[in-house]
1. Just give me the residues in the stretch 222-241 being within 21 Å of residue 316 (Cα to Cα), within 12 Å of the chain's Cα centre (by Cα) and touching a residue at least 40 places away in the same chain (Cβ under 8 Å), in sequence order.
2. Could you list, in sequence order, the residues of the stretch 115-150 that are open to solvent by 30 Å² or more (accessible area, probe 1.4 Å), of a type in the set (Ser, Thr, Tyr) and within 22 Å of residue 103 (Cβ to Cβ)?
3. Can you give me the number of residues within the stretch 251-295 that are under 19 Å from the mean Cα position of the chain (by Cα), hydrophobic (A, V, I, L, M, F, W, C) and open to solvent by 50 Å² or more (accessible area, probe 1.4 Å)?
4. Taking the stretch 94-141 on its own, how many of its residues are touching a Leu at 6+ places or on another chain (Cβ under 6 Å) and outside any strand (DSSP E or B)?
5. Taking residue 393 as the residue in question, decide whether it is open to solvent by less than 40 Å² (accessible area, probe 1.4 Å), more than 30 Å from residue 274 (Cβ to Cβ) and within 47 Å of the chain's Cα centre (by Cα).
6. Cβ-Cβ distance below 7 Å, separation of 6 or more or different chains: which pairs start in the stretch 51-62 with a residue that is touching a residue at least 12 places away in the same chain (Cβ under 8 Å) and end on one that is open to solvent by less than 60 Å² (accessible area, probe 1.4 Å) and of a type in the set (Phe, Trp, Tyr)?
7. Select from the stretch 217-250 the residues that are part of a strand (DSSP E or B) and in contact with an Asp or Glu (Cβ under 6 Å, 6 or more places away or on another chain) and write down the one among them that is surrounded by the fewest Cβ atoms within 10 Å (Cβ to Cβ).
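The values are calculated or read from the model by the stated rules, or taken from the named source; none is laboratory data. Bear in mind the structure is a predicted one, so any value in this text is a computation, not a measurement. Cβ sites come from the backbone with ideal geometry, for glycine too, and all protein chains shown count toward neighbours. We work out accessible area using only protein heavy atoms, side chains counted, and drop any ligands, DNA or RNA first. Shrake-Rupley method; radii C 1.70, N 1.55, O 1.52, S 1.80 Å.
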Amino acid sequence: MKKFYLLSLVAALLFGACHKSDGVYPTDNGKECREATERFEKLIATDGGYDVSNIEVLLSEYWALDAVCCYDSNYTKVTDILRPFDLPFWKRDFAPVFSFYLGGDAKRYTLDGDGKMISQKGEWSYDETAALLSYHFDEWSGIEHIYMKATIKALSTNNLVLEWNDSYGRFYRASYIAVDYLVMQEIALNTTLERMLDKSANFDTASVTDAILGLWSMDTYIIYNDDWSSIKQPYIAFGVEYVTDFSSVLFDFKEGGELVEVVSNPLSDDGRKITTHQWSYNRESKSILVVSASGEEQEYKIRGIGDDYLLMDYRTESGEHIRVGFNRDDPYSDVVWDIVFPMAPYAVFDSEGNNIFANDAEALYDFTISYNDKEYKYEEVTRELPQEPLAIYTDYCYPYRICFGDFDHDEKGSYTINFRGKEWLVEFEYTLDWYYGEPVLGSTLKIDGEEAEMVVVGKKNSENYGEINIWAFPLYL
């Protein structure tokens, strides 16, 4: 329930009674109230004359709550401080940050129970006559509903002061400061990392060799400064991408010291790269040493490991300090493949090397196949996808070749081709295996005992690719 308490704190501050707030921010000292009164007066004196015609531009910042105070009915003095000025932003509580966009859209940002930054959509409007700002957010993800109407007493690009009273006759002022979105991101990342380390840093060093075995999918890659005190650049953090086109990385730690690394980037010319390394664990230094096939070494310092998360630090040869995180999620579980089912294309050549089908389309009717006590003939069937029952058919490469399919991916056997009194015995085997989430298709085909290879049997113009080669297994009369 800690999550909901943190997220509810601002509602308690904004709508709670004007009294000492249960020891959270004690304000018995009248001096503090006088200083808060003077602080608000100064803000209003400085930015109270804002340009109401430019309200949308002035409000288009990220506004973090800085202070909330109770006032007397005439707004002459602060009577209680619910949140004092100058608390470190998002350090003690995760009071929502508001943003007001052009056109009336709004968002509020806070951190969830894991420390990750979440955002909620809302709406806002401004009444120029009353200087009244209205905004609302419906209940969402454990955060209570907020509907607010407040007078804007001061506004600039870095300062916002709101004033309102509630139905119980209590009076409030709140100060908001403009904050950098990147700072919000960094605080969220550090908070998430701290909570992750709280759960996984005290691992059993003796069990790492067994605990690390298996697949790990990278969901965090962050570059730090030289002493690891601040983030220089997050590329991806706990599944949230901060740069586009970042490659996905999979580590597969195997028994016996083998490590398979799978790097995938669909926008890269290489597509997917799979390399095999060797790994070993040093219990004293709590580090993993990875040695590539070429002998290059990289040491990873384990910061935390649990049942479902692995966090490591390492330093590159160029001196960059990088933190990487991996989870046990299957990165390929949501991938849907459209796999073509096996077929075999054939072309028959005469004694002079001419493709008979290309010169005589009627020859297709003389092509038969005997398979599993059934004879197949060409019956003017044309097909592309999806899988269909076994048949002899033509495809987009008509009339250069004729096809026999579609087979299952785990099928093997033999059949006899007959064409104008000539027979060929075909032995085949089709396989489908999965290798790190991708299908690996295999096939072997022998004609009269010899492994067959396809040859170019013609050319065809393609709308998308220009002239393309047409391939088929050759049968010679």
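1. 237
2. 119, 125, 126, 129, 147
3. 1
4. Qualifying residue count, the stretch 94-141: 2.
5. Values: open to solvent by less than 40 Å² (accessible area, probe 1.4 Å): yes; more than 30 Å from residue 274 (Cβ to Cβ): yes; within 47 Å of the chain's Cα centre (by Cα): yes.
So residue 393 passes the test.
6. Filtered contacts from the stretch 51-62: 55/126; 58/50; 59/100; 60/100.
7. Going residue by residue through the stretch 217-250, those that are part of a strand (DSSP E or B) are 217-224, 231-237, 240-241, 248-250.
Next, from what is left, pick out any that are in contact with an Asp or Glu (Cβ under 6 Å, 6 or more places away or on another chain): 217, 223, 231.
Details: 217: 19, 223: 14, 231: 18.
Ranking the candidates gives 223 first.
Every residue, every condition in (1) in contact with a strand residue (DSSP E or B) (Cβ under 7 Å, 6 or more places away or on another chain); (2) at pLDDT below 95, yes or no:
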{"position": "297", "(1), (2)": "yes, no"}
{"position": "300", "(1), (2)": "yes, no"}
{"position": "313", "(1), (2)": "yes, no"}
{"position": "322", "(1), (2)": "yes, no"}
{"position": "329", "(1), (2)": "yes, yes"}
{"position": "332", "(1), (2)": "no, yes"}
{"position": "341", "(1), (2)": "yes, yes"}
{"position": "344", "(1), (2)": "yes, no"}
{"position": "365", "(1), (2)": "yes, no"}
